[in-house]
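Okay, structure first, notes after.
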Ligand code: B12
Ligand code: SF4
């Protein structure tokens, strides 16, 4: 949390020498608090004040970045408790757990599958972020081989789940030139883990049963020079994890409590825990296993929750060609809300049927929302037909309206007298059937 | 040094609403369901006691649905042809409440008649002791024509009648008031619209402990973020003391998710979507758990397996952490 003008004033020389261009130190302090001037304008601030001011302007939740060859996963730097207050910025990283008890071939096959996984959601390619290698065997050598096996199959960032420092070290030694996350330091092993994280430039997760202990540990570890910390509040129920994640975020944002101003990590045991991790503040999430039928909805949920509430995702208005349409093909009308556009475009595309898709500028709203808001009416559709020169592309002039706005067909006929206006089905899923049965 | 945990103290609270009446109170239900009463954000046990867990309703129809996912039809099998069998099966699947959603027409396309509807409702009440919600088909004239006789024929049962929307609420509210029932009020994902409709309904004299509000939701991938934030804002407004937002929230993730392509279609979809049935159930469960985190008091589902998973999540969310 930023300091107030008065708090900043106390750190200034208080001589009112005016060299900063302001009549008093207090006036300058007020401008600094409002972030309208730079501290450097005052030549007389002490080094100690400088470092205090720098500290206070650091983000309340530290940004932690895991890096590997070509990839980065960031968490932290969030500024609100509720997404409607601004937005959530850094999507939690989704990691897949791998055990060092599996043999190398098994690890390779599993990791390759998850590494190459890509799923398209409204035109965005979604993927998992990395892997978490677990030292289940207890053997340093087995762990190192497992890390190597994962690295051979994927370049994505890694989390090393190894709380025995000797085992963890073997895992880290198997990596070079990257920032992995080491999990986890606790009351028993923290000194060795901190040394290791420092020497190997790894981020370090810290685990404790209570927030008091957790804060104690992060302070001690920070004093040893490790700053990229990640918190594991070690909750065993959904209610407890919700409580602790909420308390951590509140302490960081509302009290500027530095000892807990770090992103968090969770290892969900079921889908409900994963949902809560995404909706309520977790920074790094380790899934037990990779299954597309769960990873796909989790990736979509993450995308949705981390969408900026001020900016619906939109596509460019225009006349789109799907499956190489000719002049006989129909012109389907829709809006430029991404979810709407892709529901329709994907449906037509996968059916193999050629068509023109006229995307009108409905200010990024869905069909019914835009209709209710007056942004998708006969006039706007007719305007788009003209603007994007649909008549030049087709000889057979047929427009198809979304079934939900069947009421517009009369007005649209009046607006476009030389076009045939058809009403399509309500849901995009039924478009292929409609093509076959109605358009023939 | 022990950390001082910031605790919120809210001036407002959500009203407590009881659905259904037992014979002692003029109805025939074997149990009643009470929701609401929150005095803090969802599941903040460390700030105040969470008085009532969220409840799970299963949606059944008055006849075999025309447009439901084949996965749902395969699961429920023959009971979809008989609302009383379906209600029994829903109860057996672990539902706390039953939503009977009316179809606009019969299987041959003739408009549903009040006689048919009253019979369906009575059959359901006879088959299951769970409290009931009856939702019209969403066509104002027809809904009114069907819901009024239902309300009269079941006076005193404290059924929830719906769905009131700004275009159509007067008749439903009036009959609910006259026959000791409740109503649910739906508005499109907006705090002010929700308030407006709640004001209109309470201005008619509807007792405030007989109103549920439905802020509308979208499915995961289809606008859930709007519903999620609208619900968080509504709950914050309620706790801050805004009387016309202090109603328990009901949402319909079953209806929303089972119309998505992810749930409806098994063939010709990307391989990256994974197993169809598991995906469809995940879609419903993940959407529902998201909405529980943002303050849902009643969630209306469609698949029996989702009920088990959602109830397990609710139990876990209701477990009071020992440090609280
Ligand atoms: C999310 C949402 C919002 C979001 C906006 C999201 C956005 N960017 O559009 C917000 C919260 C901002 C919003 C606002 C409003 N909303 Co709104 N909203 C919804 C909601 C919940 C989901 C809409 C959605 O995203 N659907 C998913 C997309 C993919 O659906 P779709 O665009 O219709 O596309 C499908 C089909 O139409 C079809 N299709 C699309 N194109 C084509 C083309 C052809 C040729 C064919 C054949 C088919 C086809 O395929 C798609 C998939 O099947 C719906 C209710 C619901 N659950 O559906 C209400 C809803 C659309 N909203 C409604 C209203 C009234 C409003 C407001 C006017 C309220 C207000 N006064 O504030 C405002 C208007 C906006 C404004 N003034 O700023 C009403 C509309 C009622 C009506 N029938 O008129 C609805 C139906 C809710 C309700 N039941 O009352 N809304
Ligand atoms: S330059 Fe520094 S010391 Fe001089 S008035 Fe400005 S803030 Fe005060």
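Rule-based calculations on the coordinates, nothing more; no lab input. Note that the structure is predicted; figures quoted are calculated from it, not measured. Cβ atoms come from the backbone with ideal geometry, glycine included; neighbour counts cover every protein chain shown.
Computed from the Cβ-Cβ distance with R0 of 22 Å, the FRET efficiency linking residue A:223 to residue A:199 stands at 0.85.
For region B:152-198, the spread of Cα coordinates along the three principal axes comes to 34, 15, 12 Å, biggest extent given first. Protection proxy ranking, highest mean first, for peptides B:283-293, A:361-371: B:283-293, A:361-371, where packing is the per-residue count of other beta-carbon atoms within 10 Å, averaged. According to the calculation over all Cα-Cα pairs in region B:76-196, the P(r) per 5 Å bin from zero is 2, 11, 21, 23, 19, 14, 7, 2, 0 %.
The length gained by stretching the chain between residue A:57 and residue A:433 to full extension, at 0.36 nm per residue less their Cα-Cα distance, is 129.4 nm.
The fewest-to-most ranking of B:10, A:356 by surrounding Cβ atoms within 10 Å reads B:10, A:356. Diffusion coefficient (Stokes-Einstein, Kirkwood radius over C-alpha pairs, 37 °C, 0.692 mPa s) for chain B: 164 µm²/s, rounded to a whole number. Normalising the average separation of contacting C-alpha pairs (under 8 angstrom, six or more residues apart) by the number of residues puts the relative contact order of chain B at 22 percent. With a simple spin-label model that places each label point 7 Å from the Cα along the Cα-to-Cβ direction, the separation between residue B:28 and residue A:373 comes to 4.8 nm.
Of all DSSP-defined beta bridges confined to region A:303-440, some 35% are antiparallel rather than parallel. What is the Rg over Rh value, at two decimals, for region A:144-220, using alpha-carbon atoms and the Kirkwood definition of Rh? Radius of gyration over Kirkwood radius for region A:144-220 works out to 1.00. Across region A:130-276, the relative contact order, built from alpha-carbon pairs under 8 Å that are at least six residues apart, equals 16 percent. Would you work out if chain A is rounded, prolate or oblate? Take a ≥ b ≥ c from the square roots of the eigenvalues of the alpha-carbon gyration tensor; rounded if a/c is under 1.5, else prolate when a/b is larger than b/c, oblate otherwise. Oblate. Our note on the geometry: Cα centres of region B:99-159 and region B:252-324, 27 Å apart. Rg ratio for region B:131-181: its Cα radius of gyration over 2.2 N^0.38 Å, N being its residue count, equals 0.98. Tilt of helix A:238-255 relative to the longest C-alpha principal axis of chain A, in degrees (0 to 90, nearest 10)? Once rounded, one gets 70 degrees. Footprinting exposure proxy ranking of A:284, A:95, fewest other C-beta atoms within 10 angstrom first, gives A:95, A:284. Above 14 Å, the calculated P(r) of region A:1-75 contains 63 percent of its Cα-Cα pairs. Peptide B:223-235 has a mean shielding of 4, counted as Cβ atoms of other protein chains within 10 Å of each residue's Cβ.
Each helix, a run of at least 4 DSSP H residues, gives -39500 (n - 2.57); summed and divided by the residues of chain A, these come to -11500 deg cm²/dmol at 222 nm. Annotation for residue B:155 and residue A:308: the two label points, set 7 Å from Cα along the Cα-Cβ direction, are 5.9 nm apart.
In region A:360-440, the C-alpha radius of gyration followed by the widest Cα-Cα span (Dmax) gives 12.6, 34 angstrom. Between B:223, B:138, B:162, the Gaussian network model of chain B with springs among Cα atoms under 10 angstrom shows the greatest mean-square fluctuation at B:223.
Helix A:211-223 and the longest principal axis of the Cα set of chain A meet at an angle near 70°.
From the Kirkwood radius over Cα pairs of region A:21-60, Stokes-Einstein at 37 °C and 0.692 mPa s returns a whole-number translational diffusion coefficient of 305 µm²/s. Rounded, prolate or oblate: which fits region A:78-183, taking a ≥ b ≥ c as square roots of the Cα gyration tensor eigenvalues, rounded meaning a/c under 1.5, else prolate when a/b beats b/c? Note, shape of region A:78-183 comes out oblate. Compactness of region A:244-296, taken as the C-alpha radius of gyration over 2.2 N^0.38 Å, stands at 1.30. Under the shape rule built on the C-alpha gyration tensor, where the axes satisfy a ≥ b ≥ c, region B:6-79 is oblate, since a/c reaches at least 1.5 while a/b does not exceed b/c.
Alpha-carbon geometry of region B:262-324: the Rg and the Dmax are 14.4, 50 Å, given in that order.
Between the Cα long axis of helix A:338-351 and the first principal axis of chain A there is an angle of about 60°, rounded to the nearest 10. For chain A, the share of DSSP beta bridges that are antiparallel, to the nearest 5, is 30%. In the protein assembly as shown, the DSSP beta bridges split such that about 25 percent are antiparallel, to the nearest 5.
Rounded to the nearest 500, the helix-only mean residue ellipticity at 222 nm of chain B stands at -12000 deg cm²/dmol, with each DSSP H run of n ≥ 4 adding -39,500 (n - 2.57). Built from the Cα atoms of region B:193-286, the convex hull projects on average onto 7.0 nm², one quarter of its surface area. Protection proxy ranking of A:21-33, B:239-251, by the mean of other Cβ atoms within 10 Å over each peptide's residues and highest first, is B:239-251, A:21-33. Using Cα pairs closer than 8 Å and at least 6 residues apart in sequence, work out the relative contact order for chain A, in percent. After rounding, I find 12 percent. Roughly what percent of Cα-Cα pairs across region A:254-350 reach past 18 Å? Roughly 64 percent, rounded to a whole number.
In the calculated pair-distance distribution of the protein assembly as shown, the portion above 43 angstrom amounts to 36 percent of the Cα-Cα pairs.
The alpha carbon centroids of region A:24-89 and region A:119-161 are separated by 33 Å. Each residue of region B:206-246 gets 63 Å³ once the volume of the Cα convex hull is shared out per residue. Between region A:163-179 and region A:371-411, the C-alpha centres lie 61 angstrom from each other. Per residue of peptide B:276-288, the mean number of Cβ atoms on other chains within 10 Å of the residue Cβ is 4. Using a Gaussian network model of chain A in which every pair of alpha carbons under 10 angstrom is joined by a spring, one finds that among A:16, A:256, A:346 the greatest mean-square fluctuation is at A:16.
Extension gain, residue A:14 to residue A:65, is 14.4 nm, computed as 0.36 nm per intervening residue step minus the present C-alpha separation. Modelled this way, with points 7 Å down the Cα-to-C-beta line, the labels at residue B:4 and residue B:81 are 6.9 nm from one another.
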